[in-house]
1. If you roll a 1.4 angstrom probe over the protein chains with everything in place, what fraction of the accessible area of the chain belongs to carbon and sulfur, to the nearest %?
2. Could you provide, to the nearest whole Å², the per residue accessible area of the chain with probe 1.4 Å?
3. For the chain, with the dipole built from +1 on Lys and Arg beta-carbon atoms and -1 on Asp and Glu ones, taken about the Cα centre, which of Cys453, Ala721, Ala434 lies farthest toward the positive end?
4. If ligands, DNA and RNA are left out, what is the accessible area of Met306 with a 1.4 Å probe, given in Å² to the nearest 10?
5. With a ≥ b ≥ c the root eigenvalues of the C-alpha gyration tensor of the chain, is it rounded (a/c under 1.5), prolate (a/b larger than b/c) or oblate?
6. Expressed in nm to one decimal, what extension gain is obtained for the pair Leu131 and Arg62 from 0.36 nm per residue of sequence separation less their Cα-Cα distance?
7. Percent antiparallel among DSSP beta bridges with both residues in the chain, to the nearest 5?
8. Treating cross-link reach as a plain straight distance, find the lysines whose alpha-carbon is under 27 Å from the alpha-carbon of Lys682, omitting any fewer than eight places away in the same chain.
Amino acid sequence: MLPHEGDILNRVRYRPETPVLPEIARAGVLLPLPLAGAYDYKLPPGINAPRGALVAAPLGNRESLGVVWGPAEGTVGDNRLKTATPLEGAPSLPAALCDFIDWVAAYTLNPPGAILAMALRSRGAFEPEALRTAYVKGDAVPARLSEARKRVLAVAEDGLARSVPGLAEDANVSPAVVRGLIAAGALVTTQLPEFAPFHAPEPDFAAPDLNPDQAQAADALRGAVKARAFSAHLLDGVTGSGKTEVYFEAIAEALRQDKQVLILLPEIALTIQFLERFAARFGTRPAEWHSDLSQKERRRTYRAVMRGEAKVVVGARSSLFLPFADLGLVIVDEEHEQAFKQQDGAIYHARDMAVVRARTENCPVILASATPSLESFVNAIGGRYSHLKLQSRHGIASLPQVRIIDLRREKDTEENGKWLSPPLRAAMAQTLGAGEQAMLFLNRRGYAPLTLCEACGHKLTCPNCSAWLVEHKYRRRLACHQCGYEIPAPTACPACKTEGSLIACGPGVERVAEEFAHFFPEARYAIASSDILHGPAETQAAIRAFARREIDVLIGTQIIAKGHHFPQLTLVGVIDADLGGADGDLRARERTFQLLHQVSGRAGRAEKPGLVLLQTRNPADAVMQALAKSDRDGFYEQERGYRERVAAPPFGRLAAIVVSGHVAEQVRAVARELGKAAPVAKDIRVWGPTPAFYSLLRGQTRERLLVQAAKGVDVQAYLRAWLGKVKIPTAVRATVDVDPISFF
Ligand code: ADP
Ligand code: ZN
């Protein structure tokens with residue numbers, strides 16, 4: 001939740017200078033492993049390696065990649081230290097990255113080596129670069145010159161080095177012809193770098209004419225980039241207002257300054273779409289960085305980023321830890337997205353850490369959203385961030401009208417349908433009749449979230465998690481959305497063995513689609529859902545088909561809520577607007593508002609006006625009312641007031657400790673012991689332990705403790721003192737989540 005970036009900034013220990021180590025150097029070497037700190041090594045005689053230098057460090061009976069982190073701290077004699085050997089020819093990690101790693105480690109209470117591991121995701125990038133063989137024209141002229149051979153030599157005339165298949169293709173001959181010329185000495189070998197270089201994006205390739213609002217925001221951002229100093233900006237504009245076009249101008253300025261740019265997006269699915277849009281504006285695609293890259297692609301990108309050759313990188317969270325040679329701008333798009341919070345391994349919030357990274361690099365950061373996080377909103381209102389607003393949609397598009405459908409008045413009879421109310425169906429019929437497109441949104445994957453036995457009441461649950469099994473009808477399977485466990489859908493109740501007694505409760509997107517097909521048998525539709533059973537490729541295909549108007553209706557989960565621009569989409573139906581609001585956690589209302597606002601924002605993005613229908617059982621709810629009246633700021637003010645009254649983030653701080661392990665009794669005992677050991681301190685309260693929302697997850701029992709502190713409290717110091725008091729057995733883990741955003 002909040003790092004309240006104000007706090008974050010005050011605590012950045014910015015170390016602009018690289019410490020120079022004394023001759024006969026002993027160095028503290030950080031290994032990319034979750035060890036307590038750097039280990040002391042000696043360096044080979046006469047070698048003086050700066051902070052950030054890469055070394056091969058013996059560790060047990062193997063060798064590990066390591067990074068010189070600072071002076072050695074121990075007093076062990078040189079003769080007892082092992083020697084770490086600097087990697088020949090490998091560039092050092094930039095000092096600002098080393099500082100960033102230290103900062104993130106301290107803030108999230110992770111060992112620095114665990115954070116370093118995230119920055120060394122391509123070990124291959126430090127190895128000597130492989131070269132590839134290519135061919136250029138030689139001096140020898142072959143005796144026999146066929147037409148095919150002449151064509152090859154004509155192509156080679158330009159002096160460029162090409163591979164055998166490359167030459168064959170360019171000359172339109174078979175590779176055998178090329179090989180014949182090599183044998184004859186008419187083509188000779190040369191060596192090329194392993195990878196083709198990244199093309200440089202051109203700042204003025206296809207710059208748009210900005211409208212006055214956009215021009216003003218773009219000016220401010222260009223100025224910030226030119227200033228080459230840290231500053232933070234909230235680019236706050238309604239959906240379709242041109243936020244992307246505006247921050248593209250800031251990128252163009254960074255390119256003119258020969259600086260690198262990092263763009264963080266919450267999901268890979270959005271990254272893929274983004275590449276095309278970027279290429280249309282800058283003439284070439286940016287480099288990408290995310291978990292789907294191959295080792296080879298990683299090596300290429302990592303190296304190019306480190307050498308400053310890849311100018312613009314677009315990526316998911318992990319791209320925050322890339323070794324930029326000269327970073328001049330950081331952008332976080334859809335900054336309110338929860339996906340920016342990494343929940344496994346080292347727990348951190350990429351949006352907050354992006355602000356810190358910009359600070360350590362001394363460059364500006366832009367946070368963009370139509371529905372900012374309350375934290376960023378408060379920072380902008382309070383003047384810590386500059387607040388750049390885009391009030392209206394670009395061009396003649398207007399914001400969609402939002403109407404509430406009170407489900408309490410719509411009886412679900414067989415004829416009415418269970419999930420699509422008559423007013424929603426009437427609007428659908430009208431939209432489809434007019435040849436326009438519609439979207440149905442339900443943030444629930446699968447067919448039905450719960451299957452139970454009509455005879456005995458048994459609910460089908462996951463054996464590894466305290467979670468229901470979700471029916472996926474098309475694949476006839478029941479699956480756990482937490483751990484991926486799945487079974488074929490049984491025909492009889494596993495508890496009482498009654499045949500045919502299992503019934504599906506509640507809808508998922510597949511069930512909505514089934515009902516839609518029943519009422520609109522002619523309409524073309526597809527389901528898009530980020531599913532363990534529906535792969536990302538299928539989702540991409542559905543979204544593309546919708547964009548090309550090969551289908552009329554897209555039925556999906558939050559995957560369809562973000563970023564996409566469909567000009568012919570005029571109707572959005574929200575099947576269950578109350579879903580999510582009932583979570584009862586601090587952020588449930590904010591999240592529901594953001595999600596529904598984003599979904600609504602898909603409608604009416606071109607000339608034709610959009611309509612959004614919200615099906616709800618709580619029409620008077622503040623979230624529904626704010627959406628219907630399009631009173632975003634009113635909602636934010638109300639939410640801000642509430643958080644302030646209860647001293648919740650960003651007006652107070654939270655941290656969670658989750659204790660987990662396979663032996664339930666042991667986990668509970670450790671959690672109780674931790675609870676008792678909590679130091680008493682001013683302005684700090686500790687809640688729990690209590691069973692976590694998923695008290696069983698992937699076979700592990702989970703207990704939670706929650707620390708609530710006043711705004712100025714150094715929560716990390718408190719946690720360190722506390723955790724230092726309790727010896728945690730190796731079979732149990734205590735995971736710290738500073739600024740938790742969800743409470744599962
Ligand atoms: P946002 O990121 O705020 O949702 P986008 O940047 O995606 O908005 O813009 C919405 C649509 O309007 C896009 O298709 C974009 O290309 C177009 N657009 C925005 N500003 C301009 C402009 N100044 N000139 C031409 N097209 C624009
Ligand atoms: Zn499970």
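1. Carbon-and-sulfur percentage of accessible area, whole number: 52.
2. In whole numbers, the chain has 43 Å² accessible per residue.
3. Ala721
4. 20
5. The shape class here is oblate.
6. Additional length available on full extension: 22.1 nm.
7. Once the DSSP bridges in the chain are tallied, antiparallel ones form about 55 percent.
8. Cα-Cα hits under 27 Å: Lys711, Lys725, Lys727.
The values are calculated or read from the model by the stated rules, or taken from the named source; none is laboratory data. In this text, all values refer to a predicted model and were calculated from it rather than measured experimentally. Neighbour counts run over all protein chains shown; Cβ positions are idealised from the backbone, glycine included. Ligands, DNA and RNA are excluded from the accessible area calculation, which covers all protein heavy atoms including side chains. Shrake-Rupley method; radii C 1.70, N 1.55, O 1.52, S 1.80 Å.
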